[in-house]
Amino acid sequence: MVKLKINGTEREAQAPAQRLLLDFLRYDLGLTGAKEGCGVGVCGACTVLVDGELFASCLTLAAAIEGAEVTTIEGIADQGRLHPVQQAFIDHGGFQCGICTPGQIIAAKALLDFNPQPTEDEIKQWMMGNLCRCTGYYGIINSVAAAARNTRNNAPRQPTDD
Amino acid sequence: MAIYSAIGSSITRGEGPDKVTGKSLYAADITLPGMLWGKALRSPFPHARIVSLDTSRARAVPGVRAVITAADLPDSLVGRRLRDMPVLARGVVRFAGEKVAAVAADDPAAAEEALLLIDVEYEELPPIFDAAAAMSPGAPALHPAMSSYEGLPQPPSGINNVFAHITWGQGDVAQGFAEADLVFEHSFNAQLMHQAYIEPHACLVSAEPSGKAQVWVNNKDPYALREQLAAVWGLPEERIVLHPCSIGGDFGGKGSFMDAPLCYYLSLHSGRPVKMVMDYIQELMAANPRHPAVMTIKSGVKRDGALVARQARVVFDSGAYGAFKPTVYLRGADHLCGVYRIPHARIDSYMVYTNNVPKGHMRSPAKPQVVFAVESHTDLIAREMGLDPYEFRRINLLRDGDSSPVGHQWREIRADETLRRAAQSAGWDTPKPAKPGTLTGRGLAITDLSQGVGRFAARVSIGASGRPKLHMAFWDTGTGSHTVLRQMVAQELSVPVDEVDIELLDTSEMPFSSGSGGTRVTYTAGQAVVGAARELRRQLIRAAAPLLDSPEEDVSLHSGRVVVGPSPQRPAYYRTIAIGEVAAHAPAANHGEAGIVAEYEFASEPPDVTSFCAQAAEVEIDPETGAITVTRFVTAHDVGAILNPLLHQGQVEGGVIQGLGYALMEELQTEDGHISTLSFGDYKIPTSADIPPLTTVLVEGASGPAPYRSKGIGESANIPVAAAIANAVTDAIGAPITNLPLTAEKAMTAIKNRESGN
Amino acid sequence: MIDFEFHSPSSLDDALEMLERYGGDARLMAGGTALVLQMKQRFAQPAHIIGLRPLAQTGGLSAVQETDAAEPYVEETDADETPKSIRIGALCTLRRLEDHPLLRARIPLLADAVRRVATRRIRSMATIGGGLVNGDPSQDPPPALIALGASVELTSPSGTRICPVEQLFIDYYETDVRPNEALTAVLVPVPPADTRGAYLKFLPRTADDYATVSTAALVPRNPNNTCRDVRIVLGAAGATPIRARAAEDLLRGQELTDDAIRAAAATVPDAVDPLDDFRGSSDYKRQMAAVFTRRALTQALGYNKGTATP
């Protein structure tokens, strides 16, 4: 039995040891927002947050993060209200086919939580782990920059945890 | 010029909230009760006879519900036009990765385990990997039964392993070369490239006891797929229903049947719905990538720079089968002579069978390859003649009244203007930046892209809610076409765009429509949707007029209402009624709800206008490493009305970056017929940190054949990129690289060769 | 992936005991990025996986601490300065290292190399210890660690031993870590305050690629611009990270002129043994190893504390 907290709710399901977190989310829990793309941790379509850290769920065993708090795309909007990052992706052409979009939004949210006012270069460096084949990235970068402008949280850069 | 309200606005996509919250369902997300997982066993050999196949051990794996081989299937071939491919290899395998058996099981792990227990004995046969070698008379004929294949172009080519030899041209090249003062000839190679959509192929098929097949698949051409499936399954089309799902990127690669035919048989044999999802290793190994090409172009030029003759040849390594090509050969090869005025021209293109992966379509098929060749050739001629590549093009670019080298007559040709604007934006006349320790260069390229043709059926309805609904069986691959089509409905019915809904139907509920692709959607689907919306408007007005006690000609639509304005007879008279109310009064439509329904089918003709795309690249090359950096990129587009600037720009930008990948880094590499780049760790596509500064120039004012005088944009921007960058690299180094991709190592070699005077 | 049993040890001792019990059929899993991928590809098929993630918060296994050094990085003439080391718990993720103020301030060469690994997401999962045990010679941290004279602490039921990183790598994906050992810490001597360094990663394809070749160069303070010591280590250039000793020997005791640097770099093509692969031919990589050696040295000497942007 694998037990994880997903988007604030305790969830559990029977799964063998080799069950990847990605498959646990998609098939055991029915949360299909995280996508399988490359399967080797490069494309970022499977990106989720595990205890606040960016994770490739296609390279994570569900059993290995037992007890962790997982955030998926389904948990980003707040009771139907879109997160500023989500709204910005709509307003500024941040998506086209949408398959990479859940991963992009998780990564963008993590960036703005870490660095609320990133430069364009900082956005590119952070987001380079999320591949997109439709947009050419210009729309994604514009969306993240717009979300940074719109976000209420203008706190200074977070100190590290040590 | 009419003023439009919904058209021309950067309306955000209606599917936005679903896509940014993960609610959109893609084929791999869909499940059915009792669903099994299907997996395929693939041949490790590029050419072999199947001596024996034993599935008994696989059948014994717990959870396995079906194991099938060709022996379990009818002897039937599948193909988008040329039906030359078995669903499972029958007696012989022709490429490494060809499917030889398949398993359906309760879970993916059981299916995988079963695959490992299928015993296949192969007898290797001599493989042919080189297309030119395959054409020689002594090479083994990979398809001895070729002449019996349905869909084979006639007359047969008469050349070994060539299933299509297509020619285009005009005039008499022998005469043309006789008139030329100078003759130039160059050869070029373009590499094997994958579409690299982030979502792999996936399908879910339920073969029902009733004889119907319910299909969910990320295929953007559902009606064509239905035809192909009907043909291979031997089922009438009405028994096959394709259901809509979101598609995670297409770029030409998601028009093929892929695993769907096989998945049906797994469902039939197991009695359960079966899902098959290709992992990305299989995608890179055995999907339907872009054709590599070997091209030679010979041109005859007068001393004043005018082209008088051009003879060109392109050999496409089609791979083991031609089944993945909807038109059998690649029509884009007709651009191998470029967009120039050449009285005597001839193109010979060859589609060749080899024991490599079978290729398919990718964003403007054949054009990135041939435009790389012809635009590089153009620059090399200019350099050898001591002419500025821009001026040399201007001397020869098509103008109104000219026919293209293959005999197309376009009206309203804006090639010169488009090139001029690109060059101007790139600072062509200004000195190149001189950065110490780098080589800098600039390059140009120009091509055209016409609108594709097809058929489309649209239905628009209004019920008591007053919200117009567009009904169609047409899936959006990410281009934003659904939003643009809603804008058209909104425009015609004078309602806000966000009040227009789309109902996606399955293929049983609408007549045939050509799918997304070929730059046909804005044009063909657009005209059908506008036609339906205009018919609906007529019906609304006809129904509203008596309710408003007015003649029809006094009645119009405005902001969701039917309006009668003041007239000389009734100067203070002003009545209005909501369109929902009008619809509520109408008798029940044939779908059971009160309302008004209009349908429209449109079959597009090849238009008489085209659209030019000119690009300019500026590069810096590190002379010690050969590393190429694109420091500036300009893309100029000859456009009509822009229906949605945000979506339009998205297509341009995405196209440029795909072109960048083609130019600089992407290559499916092979070793002895096996694809060796089997993950995104090896096959690299551009990341957000790899994009150049990009300027888009819209050369407005043209009149397109699509609604509101617009033109399609989906495929253009990716075409000339490799050529523009290659020309910039040639300018920087002083010597060309004639095969793609332009890697740092190749640039280093070119620099060293030029330094040592080679 | 084949079936395996997953174990969650409650302590390091527990994990070591499991490793002993299951023998060659067991693998320790830290971040999992390398191991899970190898299992998916069937290159690794362990019957038992011992998951170390829960141990990250215990026993300093992911802590980053400054300690007194067992040995100085380089013989100090200034006796006032007590040599220091930074002890990094093996389970510390690369992301935490990248952001760590202590590392940034005291060993920027390592921080620079760590931040070049793959993508932010991979760095958020992968650990410094896990990466070393994987033995991939194309990784970014090893050349920097070897240039810094770092060691690893290897713990088994019978105790701990220290192994210099330079001796840890044996062949492609093969290290000196014994089957019953866990890598528990990385010990990095803090170089003297005005040591200069640079880590350059040659990426002609995309920003998220492995290096075509990479170079770490570290040059302690040089009186009169004469080279007292130098360390040059190449990554993605052979079966293991490669120390360019011939180049170092040529430079030691010499004045650090452009010509001297060029001559030293010219020895590097013969020192490396890269493979032909998707990133380039062996010949090309040899030439690039020389180019990037020269550039890393030049950059290190031109900037204080070395900032790595190739």
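The values are calculated or read from the model by the stated rules, or taken from the named source; none is laboratory data. All values derive from a computational prediction rather than experimental measurement. Note that we place each Cβ from the backbone using ideal geometry, even for glycine, and neighbour counts take in every protein chain shown. Note: areas computed on protein heavy atoms with side chains; ligands, DNA, RNA excluded. Shrake-Rupley method; radii C 1.70, N 1.55, O 1.52, S 1.80 Å.
Residues in region B:58-75 that are under 22 Å from B:G91 (Cα atoms) and either surrounded by 14 or more Cβ atoms within 10 Å (Cβ to Cβ) or of a type in the set (D, E) (or both): B:A58, B:R59, B:A66, B:V67, B:I68, B:T69, B:A70, B:D72, B:L73, B:D75. Of the strands (runs of 3 or more DSSP E) lying entirely inside region B:596-640, those containing at least 2 residues that are at pLDDT 95 or above span B:610-621, B:628-638. The set of residues in region C:152-182 that are of a type in the set (A, V, I, L, M) and open to solvent by 20 Å² or more (accessible area, probe 1.4 Å) comprises C:I162, C:I170, C:V177. Got at least one residue in region B:652-669 being over 30 Å from B:S43 (Cβ atoms), modelled with pLDDT of 95 or more and surrounded by fewer than 21 Cβ atoms within 10 Å (Cβ to Cβ)? Checked against the condition, which is being over 30 Å from B:S43 (Cβ atoms), modelled with pLDDT of 95 or more and surrounded by fewer than 21 Cβ atoms within 10 Å (Cβ to Cβ), region B:652-669 yields no hits at all. On inspection, B:T610 passes the criterion of being away from chain A (no Cβ under 14 Å) and either within 30 Å of B:A464 (Cβ to Cβ) or open to solvent by less than 10 Å² (accessible area, probe 1.4 Å) (or both).
Whenever a residue of region B:89-105 is acidic (D, E), its partners that are open to solvent by less than 10 Å² (accessible area, probe 1.4 Å) and assigned to a loop (DSSP other than H, G, I, E, B), lying with C-beta atoms within less than 8 angstrom and at least six residues away or across chains, give the pairs B:E98/B:S43; B:E98/B:A89; B:E98/B:A320.
A quick yes/no check of all residues on (1) in the same structural domain as A:C132 (by TED's automatic domain parsing); (2) crowded, with 24+ Cβ neighbours inside 10 Å; (3) assigned to a strand (DSSP E or B):
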| site | (1), (2), (3) |
| --- | --- |
| A:E10 | no, no, yes |
| A:A15 | no, no, no |
| A:Q18 | no, no, no |
| A:F24 | no, yes, no |
| A:Y27 | no, no, no |
| A:L31 | no, no, no |
| A:K35 | no, yes, no |
| A:G39 | no, yes, no |
| A:V70 | no, yes, yes |
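You will find that of B:A40, B:A6, B:A27, the residue that is open to solvent by less than 20 Å² (accessible area, probe 1.4 Å), within 13 Å of chain A (Cβ to nearest Cβ) and of a type in the set (A, V, I, L, M) is B:A27 and no other. The residue of region B:654-691 that is farthest from the other protein chains (Cβ to nearest Cβ), among those that are β-branched (V, I, T) and out of contact with any helix residue (DSSP H, G or I) (no Cβ under 7 Å at 6 or more places or on another chain), is B:T670. None of B:A109, B:A114, B:A71 is within 14 Å of another protein chain (Cβ to nearest Cβ), without any contact (Cβ under 8 Å) to a residue 24 or more places away in the chain and outside any strand (DSSP E or B) except B:A109.
Could you please let me know if B:I297 is among the β-branched types (V, I, T) and either within 23 Å of B:A105 (Cα to Cα) or in a loop (DSSP other than H, G, I, E, B) (or both)? No: the conditions fail for B:I297. Put simply, of B:G252, B:G338 the only residue that is in a loop (DSSP other than H, G, I, E, B) and within 14 Å of another protein chain (Cβ to nearest Cβ) is B:G252.
Once region C:26-38 is narrowed to residues that are within 9 Å of chain A (Cβ to nearest Cβ) and either in contact with a Ser or Thr (Cβ under 8 Å, 6 or more places away or on another chain) or open to solvent by 50 Å² or more (accessible area, probe 1.4 Å) (or both), the residue that is farthest from A:C58 (Cα to Cα) is C:G31.
Going through (1) outside any helix (DSSP H, G or I); (2) within 10 Å of chain A (Cβ to nearest Cβ); (3) in contact with a helix residue (DSSP H, G or I) (Cβ under 8 Å, 6 or more places away or on another chain) one by one, B:I737 falls short only on (2). Among the conditions (1) modelled with pLDDT of 95 or more; (2) more than 30 Å from B:Q195 (Cα to Cα); (3) touching a strand residue (DSSP E or B) at 6+ places or on another chain (Cβ under 8 Å), A:L59 misses just one, which is (2).
Among residues belonging to region C:223-257 that are farther than 30 Å from C:L275 by Cβ and touching a residue at least 40 places away in the same chain (Cβ under 8 Å), point out the one that is surrounded by the most Cβ atoms within 10 Å (Cβ to Cβ). Result: C:L256.
Out of the residues in region A:98-120 that are within 11 Å of chain C (Cβ to nearest Cβ) and out of contact with any strand residue (DSSP E or B) (no Cβ under 7 Å at 6 or more places or on another chain), state the one that is surrounded by the fewest Cβ atoms within 10 Å (Cβ to Cβ). Only one residue tops the list, namely A:N115.
It is to be established whether one or more residues within region B:479-486 are in contact with a Gly (Cβ under 6 Å, 6 or more places away or on another chain), crowded, with 23+ Cβ neighbours inside 10 Å, of a type in the set (A, V, I, L, M, F, W, C) and in contact (Cβ under 8 Å) with a residue 24 or more places away in the chain. No, every residue in region B:479-486 fails to be in contact with a Gly (Cβ under 6 Å, 6 or more places away or on another chain), crowded, with 23+ Cβ neighbours inside 10 Å, of a type in the set (A, V, I, L, M, F, W, C) and in contact (Cβ under 8 Å) with a residue 24 or more places away in the chain. Of all the residues in region B:307-317, those that are farther than 10 Å from B:R346 by Cα and in contact with a helix residue (DSSP H, G or I) (Cβ under 6 Å, 6 or more places away or on another chain) number 5.
In summary, C:D229 fulfils each of the numbered conditions (1) within 13 Å of chain B (Cβ to nearest Cβ); (2) over 23 Å from C:L132 (Cβ atoms) with the single exception of condition (1). Only one of the numbered conditions (1) within 9 Å of another protein chain (Cβ to nearest Cβ); (2) surrounded by 24 or more Cβ atoms within 10 Å (Cβ to Cβ); (3) within 23 Å of B:L419 (Cα to Cα) is not met by B:L694, and that is (2). For region C:113-133, a residue qualifies if it is of a type outside the set (A, V, I, L, M), within 13 Å of chain A (Cβ to nearest Cβ) and touching a residue at least 24 places away in the same chain (Cβ under 8 Å), and the qualifying residues are C:R116, C:T119, C:R120, C:R123, C:S124, C:T127, C:G130.
Per-residue answers, yes or no, for (1) open to solvent by 20 Å² or more (accessible area, probe 1.4 Å); (2) of a type in the set (A, V, I, L, M); (3) within 11 Å of chain A (Cβ to nearest Cβ); (4) free of Cβ contacts under 8 Å to residues at least 40 places away in the same chain:
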residue: C:E5; (1), (2), (3), (4): yes, no, yes, no
residue: C:S8; (1), (2), (3), (4): yes, no, yes, no
residue: C:A15; (1), (2), (3), (4): no, yes, no, no
residue: C:R21; (1), (2), (3), (4): yes, no, no, yes
residue: C:G24; (1), (2), (3), (4): yes, no, no, no
residue: C:K40; (1), (2), (3), (4): yes, no, yes, yes
residue: C:G59; (1), (2), (3), (4): yes, no, no, no
residue: C:S62; (1), (2), (3), (4): no, no, yes, no
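Taken over region A:78-113, the criterion of being at pLDDT below 95 and among the small types (G, A, S) is satisfied by A:G80 alone. For region C:266-287, the criterion of a residue being free of Cβ contacts under 8 Å to residues at least 12 places away in the same chain, within 14 Å of another protein chain (Cβ to nearest Cβ), assigned to a strand (DSSP E or B) and open to solvent by 20 Å² or more (accessible area, probe 1.4 Å) is satisfied by at least one position.
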